[in-house]
Amino acid sequence: MTDPAQFETFLVAYQDMVFSTAVRLLANEAEAEDVAQEVFLRAWNHFPDLVGSPTAGGWLKTVTRNLCLNHLQRYRSRWKMFSDLAGDDEDDERPLEFAAPDTLESTLLTNDQRELVEQALAKLPADQRIALALYHFEDMDYAEIATQLSVSLGKVKTDIFRARETLRKKLQPARDSVGV
């Protein structure tokens, strides 16, 4: 039987990773919360195998990614419409900084930059956002992405290229204004 206190500790340790993965793929916090809940329901059912496992984080990421992709495939037209609407608003974008901050000021700047990159990602067309997130955040190669999404390799390459170009253009002015 699963110990609820032990599972709560497990949940707290992985909830941010699961939620951020879902938000990157879905571009909708409410839907990401739903997926995260489903991920942890599945984790509860498999908890005896996951507790103490060094691969628990990878298992959670895979389940999160698969549930998000299943959700997107089921509601493709709804998400396309959402992405089209979100693409009209281009304010509040900042670049991402990966360096470890040494001070509170740089920590706050980095957090603000990450938030703006996440906002810019959310405004990308769904096909571009998903391909880019799978490549950069889920460490999948082009062929894996093409297989997972049931699209051609060329489409994956094009979507990732266009997503990068769009982000570069949107984030460049913000980078100059932030002083990075």
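Every number in this text was worked out from the coordinates using simple rules, so none of it is lab data. Values in this document were obtained by computation on a predicted structure and should not be read as measured data. For neighbour counting, all protein chains shown are included, and Cβ atoms are generated from backbone atoms with ideal geometry for every residue, glycine included.
Report the label-to-label distance for Gln172 and Thr62 in nanometres (one decimal), using points 7 Å from each Cα along the Cα→Cβ vector.
Roughly 4.0 nm, to one decimal.
Could you give the dipole magnitude of segment 1-74 about its Cα centre, charging the beta-carbon of Lys and Arg +1 and that of Asp and Glu -1, in debye to the nearest 20?
320 debye
Consider a paramagnetic label point 7 Å from the Cα of Lys157 along Cα→Cβ; state which residues of segment 121-135 have an amide N under 18 Å from it.
Correct set: 128, 131-132, 135.
Find how much the distance from Thr9 to His46 grows on full extension, using 0.36 nm per residue of separation minus their present alpha carbon separation; answer in nm with one decimal.
Numbers: separation 37, 0.36 × 37 = 13.32 nm, distance 1.52 nm.
Between Thr9 and His46, full extension yields 11.8 nm more.
Please order Lys155, Lys61 by the number of other Cβ within 10 Å, starting at the fewest.
Fewest-to-most Cβ neighbours within 10 Å comes out as Lys155, Lys61.
May I ask for the Rg/Rh ratio of segment 1-74, computed from Cα atoms with Rh as the Kirkwood radius, given to two decimals?
Details: Rg = 12.0 Å, Rh = 12.3 Å.
My calculation puts Rg/Rh at 0.97.
If you rank Val12, Val39 by fewest surrounding Cβ atoms within 10 Å, what's the result? If you can, show how the numbers build up before the last one.
Details: Val12 9, Val39 27.
Ranked by crowding around the Cβ, least crowded first: Val12, Val39.
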